[in-house]
Each structure stands twice: as C-alpha cells, then as structure tokens.
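**Q** What follows is a structure written as structure tokens; I'll ask about it next.
Since every read-out is calculated from the coordinates, none of them should be taken as a lab result. This one's a predicted model, so the numbers in the text were calculated from it and none came from an experiment. Positions of Cβ are generated from backbone atoms using ideal geometry, with glycine treated the same way; all protein chains shown enter the neighbour counts.
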Amino acid sequence: MKCYKAKDYKEMGRKAANIISAQIIMKPDCVLGLATGATPIGIYEQLIEWYRKSDLDFSEVITVNLDEYRGLPRSNEQSYYYFMRKNLFDHINILPENTHIPNGMEEDSEKACRDYSNIIRQIGGVDLQLLGLGHNGHIGFNEPDDAFEKEVHCVNLTESTIMANARYFSSQEEVPTKAYTMGIKTIMQARKIVVVVSGADKADILKEAFFGPVTPHIPASILQMHNDVIIVADEAAIEKVSDLI
Ligand code: PGA
C-alpha cells in the first residue's frame, strides 16, 4: 500500500488524476472503475482540463461505475448516471456505449446484479478502480456487516449513509434506501486501486481502515490485502497516520 500526501483537496485531485492519466496513456483502451461522491469531483475536473488541452484521449477508454441507487431514473439529478454525465462524461470524448453504470431502474435485483457482473466480465475486468471512503468505512455501497459481500449485489443502505447522502436531496425521506453495488470481490479483482480521501472528518476512518485490523465491519480495511493500492489523501485526512507512513 502506497500513501501519497497532498497539501489540500485540489492537490489531492491533481495527484489522483495524474495516476489515472498515466493509466490511460499506457493503455488507451483501459477499463476504469469510477466512483461518485464529493471527493472525486476535483479529479474529474482535472481530467476534463487535460482533455481540453489535448493531453488526454478517452476515445477508447471503457468505464464501469461502482454503484447506483435502486429506483432513481437516469434523469433524476441524484442518480449516479446523471452525476457521471454532469461531472465527466459530457465533457470528454468517451463513447456513451463504453460507459457502464448498474441499471437502477431494474426492479429484478437478481437480474440487475447478474447483468452488471456480466458486463464487468465481458470487458475483461477493471484495470484501475477509483474509490472514495465513506465515514463508516464503506467502499462503493458495501456497508459495514458481519461478512464481506463478494459479488455485485443489492444493498440496504445504513442509516449513516442515508444521512450523509441526505444533503443532496430536499429531504431525508427522498434518499433511496437501496442501491446496486460492486461487491468486495469485484473491487478486489481490480488490477490497481486508487483511494482518495479528503478532510479532517475522514482522519479517523482512514486510520482505522488502513492501519487497523481487516474486518467486514470496516469494509475498506480489506484493501490492505490488495497488492496494488494507492491512497491519495490530503493533509487533513492523513493527519492521524502521519507517523505511520
Ligand atoms: P464522499 O463519499 O466522497 O462524498 O465523502 C465517499 C463515499 O461515501 O464513498
């Protein structure tokens, strides 16, 4: 596990974007596993800037997102489909057919999960998976539990995740309570993983997840077992582990 320290959120975004950009340059038809949430937005802004300067070409890149709310149509501004278009896909030359997100409107959960697993398999797995870190240690929507859920699955979101996401909705009642997400095995099969963490409110969970015991009660802790993980964190998030890295 490598840990890159950034001065602030902006520098964190630039460093993580550099790693993604290197991946695209080395393998133009790479498969990128992408994440939503507040943390990756700066990365996407940087990638868009480099695309506009003709330093990056997404024409052969394939993407698979980690997760999607169940029951939100793509047109809903809070769907991850909408998020990805607004924050990245609409601003770069990626082919829409090369972008994949679980189908949140598929009511048959088993079918939605099976279809998404098949897509990931058909495109040959993920070269580089980008991850944010939830306050409860979740990655994707893999919530703390007594066991690791392995494959793509439908999850009941925890109270803390629903509350954290409520800031994006007009009321907490509107936040979906279920989501489709890649499982821990799916994530662990990515050839390279980049975790981005920003802010003092993530300092405790960063320490627990990456320097504490591996446990399904902190899903991100399993990443300690992966042999190519890079954490890119800003000073505020990394503060409590600065003597450990
Ligand atoms: P955030 O979410 O980037 O909005 O903090 C991270 C996550 O919950 O995965």
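**Q** I'd like to know how region 119-209 sits against the 2.2 N^0.38 Å rule of thumb: what's its Cα Rg over that expected value? Please report the intermediate quantities before stating the final value.
**A** On the way: Rg = 14.1 Å, N = 91, 2.2 N^0.38 = 12.2 Å.
Compared with the compact-globule rule of thumb, region 119-209 sits at 1.15.
**Q** Calculate, in nm to one decimal, what residue 25 and residue 53 gain on full extension: separation in residues at 0.36 nm each, minus their alpha carbon distance.
**A** Numbers: separation 28, 0.36 × 28 = 10.08 nm, distance 1.46 nm.
Contour length minus Cα-Cα distance gives 8.6 nm.
**Q** Check residue 6: other-chain or 5+ apart residues with amide H under 5 Å from its amide H, H built from backbone geometry?
**A** Counting only residues 5 or more places away or on other chains, the set is 233, 234, 235.
**Q** Between residue 162 and residue 228, what length in nm is gained on full extension when 0.36 nm per residue of separation is reduced by their alpha carbon distance? Provide the component values of the computation, followed by the final result.
**A** On the way: separation 66, 0.36 × 66 = 23.76 nm, distance 3.06 nm.
The residue 162-residue 228 span can extend by a further 20.7 nm.
**Q** Under a 5 Å amide H to amide H cut-off, with H placed in plane at 1.01 Å, what residues pair with residue 63 once short-range neighbours are removed?
**A** Correct list: 32, 99, 100.
**Q** Still on this structure, please answer the following. With 25 Å as the cut-off, how large is the P(r) tail for region 1-117, expressed as percent of Cα-Cα pairs? Please report the intermediate quantities before stating the final value.
**A** Values: 1774 of 6786 pairs.
Summing the P(r) tail past 25 Å for region 1-117 gives 26 percent.
**Q** Which residue, chosen from 163, 137, 76, occupies the Cα position most advanced towards the positive end of the dipole of the chain, where the dipole is computed from +1 (Lys, Arg) and -1 (Asp, Glu) charges on Cβ about the Cα centre?
**A** Projecting each Cα onto the dipole axis, the largest value belongs to 137.
**Q** If you build the Cα gyration tensor of the chain and take the root of 5 times each eigenvalue, what three semi-axes come out, in whole angstrom, biggest first?
**A** Details: eigenvalues 112, 106, 63 Å².
Its equivalent ellipsoid spans semi-axes of 24, 23, 18 Å.
**Q** How large is ³J(HN,Hα), in whole Hz, for each residue of region 148-161 in order, when computed from phi with the Karplus curve 6.51 cos²θ - 1.76 cosθ + 1.60 and θ = phi - 60°, using x for Gly and Pro?
**A** 7, 7, 8, 9, 4, 8, 9, 10, 8, 5, 7, 3, 5, 5
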